[in-house]
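Single-structure report; data block below.
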Ligand code: GH3
Ligand code: MG
Ligand code: MG
Ligand code: MG
């Protein structure tokens, strides 16, 4: 018997990773024995026989066949119903089913395909044809599984890449030491806030914050302890910024910056003073400070309405000048 085209089927590559597993469901022990003999000695092919059709689905779930040979006429069970049962269960849905029946009428064959069968052989088939069809369907199934797995792996790696990219994107905005937004993000944010404020006719405020006597702190306690202070200051700043409306960022070194949008100057000044008090209240010992026995900050506040001759840069410079005045006036204070 010639089996047309099997050699050239593109979806049937050689693949020996998985054994083929044939499950025969047939009430007649003689058929079971006959098929067992037909398949005897086939390399890379296991055979399991189930004579009890009421157990067929459970057995299929358990042994995970790569193809099912399904009898049609069995006592109390219609083989076509079994085919539908395989198709209904997620774990057996994809398993190819070859109907194996003594019935030869085209209408029965047609019904079998309609029920979800993949192939139809009249009992008992020629050995070579049976083996060829088993191999063909098993291999197609194994290939499909492999494609599903490859696809799932691809999806997973794409997902990982996506997440890694998001994380990288996040990291470009974050200061590594303090976890606050970094200078790059501050610049972007301020420019965007400036545009929004220009559209709405709102003011934008910047608070420039500098740790007092920080060089002395490093000299006295060491650079690592200094880093801890920067983290603590960053945490306090963050805690005092309204979550979405304000931005706290590390401007660079021991300097921080806060952006307030659409806030009256009173609130800006008030926040500056609150920040000074909150750092003082951290009570981080600073024995070398000439300001107080604890770490303190100075804050320069500036507010501007976006207009001709004004710019984010000028606003930052104004905050910086106010900071200079806060330093000159004795530190540990906020100046507008
Ligand atoms: P002032 O009260 O006038 O601000 O005095 P200051 O000592 O704080 O000012 P100065 O600008 O002279 O010193 C800033 C110091 O901040 C110097 C530098 O070593 C330290 N510094 C800058 N970045 C970091 C950092 O990331 N970690 C630590 N530990 N120190 C830093
Ligand atoms: Mg039968
Ligand atoms: Mg400084
Ligand atoms: Mg300083």
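Just so you know, all these numbers are worked out from the coordinates, no wet-lab data involved. The shown structure was predicted, so the numbers you read here are calculated from the model rather than taken from an experiment. All Cβ positions, glycine included, derive from the backbone under ideal geometry; neighbour counts span all protein chains shown.
Annotations for the structure displayed:
- Degrees separating the helix 183-200 axis from the principal Cα axis of the chain, which is the longest one: 80
- In the chain, the longest principal axis of the Cα atoms and the axis of helix 127-171 are about 0 degrees apart.
- Viscosity 1.567 mPa s, 4 °C: Kirkwood-radius Stokes-Einstein D of region 203-295 over Cα pairs, µm²/s: 94
- Pairwise FRET efficiency - residue 225 versus residue 162, Cβ, R0 = 35 Å, nearest 0.05: 0.35
- Site pair residue 40 and residue 177 shows an inter-label distance of 8.2 nm when each label is modelled 7 Å from Cα along Cα→Cβ.
- Computed extension gain for residue 288 through residue 132, at 0.36 nm per residue and net of the alpha carbon distance, reaches 47.3 nm.
- Rg to Rh quotient for the chain, alpha carbon positions, Kirkwood Rh: 1.46
- Length-normalised contact order of the chain in % [C-alpha pairs under 8 Å, at least 6 apart]: 13
- Under the simplified labelling scheme, the residue 310-residue 103 pair shows an inter-label distance of 8.7 nm, with each label point 7 Å from Cα along Cα→Cβ.
- Net length gained if the chain between residue 278 and residue 154 were fully extended (0.36 nm per residue, minus Cα distance): 39.6 nm
- Overall Cα dimensions of region 31-162, principal axis frame, Å, largest first: 55, 32, 27
- Computed FRET value (nearest 0.05) for residue 52 with residue 113, which takes r as the C-beta separation and R₀ as 22 Å: 0.30
- Each label point was placed 7 Å from the Cα along the Cα-to-Cβ direction; for residue 200 and residue 88 their separation is 5.9 nm.
- On the beta carbon distance between residue 147 and residue 265, with R0 = 56 Å, the FRET formula returns roughly 0.30.
- Here the residues 22, 35, ranked from fewest to most Cβ neighbours within 10 Å of their Cβ, fall in the order 35, 22.
- Tensor-based shape of region 25-103 (alpha-carbon gyration tensor, a/c under 1.5 rounded, otherwise prolate or oblate): oblate
- Tilt relative to the chain, helix 312-328 - C-alpha long axis, 0 to 90 degrees, to 10: 50
- Of all DSSP bridge pairs formed entirely within region 13-87, close to 15 percent run antiparallel.
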